Amino acid sequence: MKSIHLLGATGSIGEQTLDVLAKHPHEFHLKSLSYGKNTAKAIPYIEKFKPELIAVQEEKEAVKLKNKLTYRPEIVVGAPGLVTIAKSGNSSDVLVNAVMGSVGLEPTLEALKHGKDIAIANKETLVTAGHLVTELQKEKNVKLIPVDSEHSAIYQCLHGDPKEVDKLILTASGGSFRDKTRAELKGVTVQEALNHPNWSMGAKITIDSATMMNKGLEVIEAHWLFDMPYEDIDVILHKESIVHSMVEYIDGSVLAHLGTPDMRVPIQYALTQPNRLAISGAQRLKLWEVGALHFEKMDYERFKALRLAIEAGKQGGSHPTVLNAANEQAVAMFLADQIHFLDIDDFVERALHDHKGVTSPSLEEIMKIDRATRSNVESYIR
Ligand code: NDP
Ligand code: MG
């Protein structure tokens, strides 16, 4: 029986993780969970799994929760609450990090310090501070297991001598607007952007998929997870989202991972690897129903956010921190109807242009740069 701690339980990945745990009650035990503000959604899960420790974003949610529960778990609050969860339990436990945004960084570092393996969905953490996370991971000799479908695919296709790996090839569905030109994107609404053709996900990552920033964040994530230079990470368009990603070897062999677009598969694999648990027939891939698979060369001018992300990754230092914070802020402003869709890329570009880089930023510097970038981007509106 594996003990699990889950950050971001009320989110898209969080709920699918709970679904995996519920299907395998003899394999997994949920010791703690966190959520943000959605107490109404959290309560049925909490009553079902009865975790002994719960972290919520704000005090008022903690009070609401305490009054409604039929048992008395420990309840902790805010960013320190996430860290309390990361530190709790034993080093043989697994932390599933499925919060949205760079708030996931500190609990990741704490869990690594305590020797816990991490199933990581929260990509903003690796983007904002990949060097800190991977240094600590190596020092503590713990596993950082990818949940993101592309990275899970690569993780499963990597074999043998690392020197024989020529390239990682990430596939991109293209998001809600893949068939539109940049000119056609001018007046698109929040509702249109939230309408992803293949995946049902949280709001922020759905917008990131529409701008293609999501693929940019994933390139940076792949750079850190698999220790690959940016020059050897390619992105290709694949609108069906069936091939989740590929690894090309020096002899020209390409290994691909295929599956239905269902995040429960990579979530479950992250919790059981290198072993597997059976999944129902309904979730299995039926290639004859898919028929044809299509691939296209990526257009880095059309998808400007992807280009910005790769450039920031190559520049390194604090540039990815700025990229991530500017993007988080700009997407929040777009979702609040304060800016246009195309402003997102432009604001990120401006934030990167305004930034004087720091070579190897500490945690304190990263947090300071993250805050300053968000407030700069907020001021671009005025
Ligand atoms: P959601 O927005 O659906 O969920 C985010 C979760 O984090 C919710 O539980 C939310 O709580 C909580 N949360 C948000 N902000 C805070 C905060 N400041 N403090 C504490 N908790 C907070 O996101 P997703 O599940 O879509 O994505 C989560 C992460 O996984 C992201 O990094 C995303 O890029 C990555 N990812 C997601 C995929 C997907 O298919 N959804 C695929 C691959 C990666 P509440 O709602 O209660 O306020
Ligand atoms: Mg992905």
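The values are calculated or read from the model by the stated rules, or taken from the named source; none is laboratory data. Remember, it's a predicted structure, so these values are computed and weren't measured experimentally. Reconstructed Cβ throughout: ideal geometry from the backbone, glycine too, with neighbour counts over all protein chains shown.
Brief remarks on what is shown
- Residue within segment 72-94 that is under 28 Å from residue 269 (Cβ atoms), of a type in the set (S, T, N, Q) and within 20 Å of the chain's Cα centre (by Cα) present: no
- Leading residue by the ranking (farthest from ligand 1 (Cβ to nearest atom)) among those in segment 123-150 that are among the hydroxyl-bearing types (Ser, Thr, Tyr) and out of contact with any Phe, Trp or Tyr (no Cβ under 9 Å at 6 or more places or on another chain): 128
- Some residue of segment 114-137 being over 29 Å from residue 294 (Cα atoms), among the acidic types (Asp, Glu), out of contact with any helix residue (DSSP H, G or I) (no Cβ under 6 Å at 6 or more places or on another chain) and assigned to a helix (DSSP H, G or I): yes
Here's the yes/no breakdown for (1) in contact with a strand residue (DSSP E or B) (Cβ under 7 Å, 6 or more places away or on another chain); (2) among the aliphatic types (A, V, I, L, M):
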| position | (1), (2) |
| --- | --- |
| 71 | no, no |
| 79 | no, yes |
| 87 | no, no |
| 98 | yes, yes |
| 111 | yes, yes |
| 114 | no, no |
| 144 | yes, yes |
| 150 | yes, no |
| 158 | yes, yes |
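- Residue match in segment 66-75 (condition: modelled with pLDDT of 95 or more, β-branched (Val, Ile, Thr), crowded, with 19+ Cβ neighbours inside 10 Å and in the same structural domain as residue 113 (by TED's automatic domain parsing)): no
- Which listed residue, of 351, 372, 309, 336, is in contact with a Ser or Thr (Cβ under 6 Å, 6 or more places away or on another chain) and at pLDDT 95 or above: 351
- Looking only at segment 222-264, and only at residues there that are free of Cβ contacts under 8 Å to residues at least 40 places away in the same chain and closer than 27 Å to residue 108 by Cα, the one that is surrounded by the most Cβ atoms within 10 Å (Cβ to Cβ): 262
- The residue list 378, 349, 364 contains one member that is loosely packed, with under 15 Cβ neighbours inside 10 Å and either touching a residue at least 24 places away in the same chain (Cβ under 8 Å) or farther than 24 Å from residue 303 by Cα (or both), which is 364.
- Test: residue in segment 72-90 that is charged (D, E, K, R), at negative phi and not in a helix (DSSP H, G or I): yes
- Elements of type helices (runs of 4 or more DSSP H) contained in segment 164-248, each with 3 or more residues being on the phi > 0 side of the Ramachandran plot: none
- Residue ID - nearest to residue 121 (Cα to Cα), chosen from residues in segment 138-157 that are outside any helix (DSSP H, G or I) and more than 15 Å from ligand 2 (Cβ to nearest atom): 144
- Checking 266, 261 one by one, the residue that is at pLDDT below 95 and either part of a strand (DSSP E or B) or within 20 Å of residue 198 (Cβ to Cβ) (or both) is 261 and no other.
- Residue identified as modelled with pLDDT of 95 or more, in the same structural domain as residue 106 (by TED's automatic domain parsing), over 21 Å from the mean Cα position of the chain (by Cα) and within 12 Å of ligand 1 (Cβ to nearest atom) among 40, 9, 55, 22: 40
- Single match in 57, 16 (criterion: within 16 Å of ligand 2 (Cβ to nearest atom), buried (at least 19 other Cβ atoms within 10 Å of the Cβ) and farther than 22 Å from residue 92 by Cβ): 16
- Scope segment 259-291; condition among the hydroxyl-bearing types (Ser, Thr, Tyr) and under 20 Å from residue 6 (Cα atoms); matching residues: 269, 272
- Filter result (within 16 Å of ligand 1 (Cβ to nearest atom) and part of a strand (DSSP E or B)) within segment 25-37: 30, 32, 33, 34
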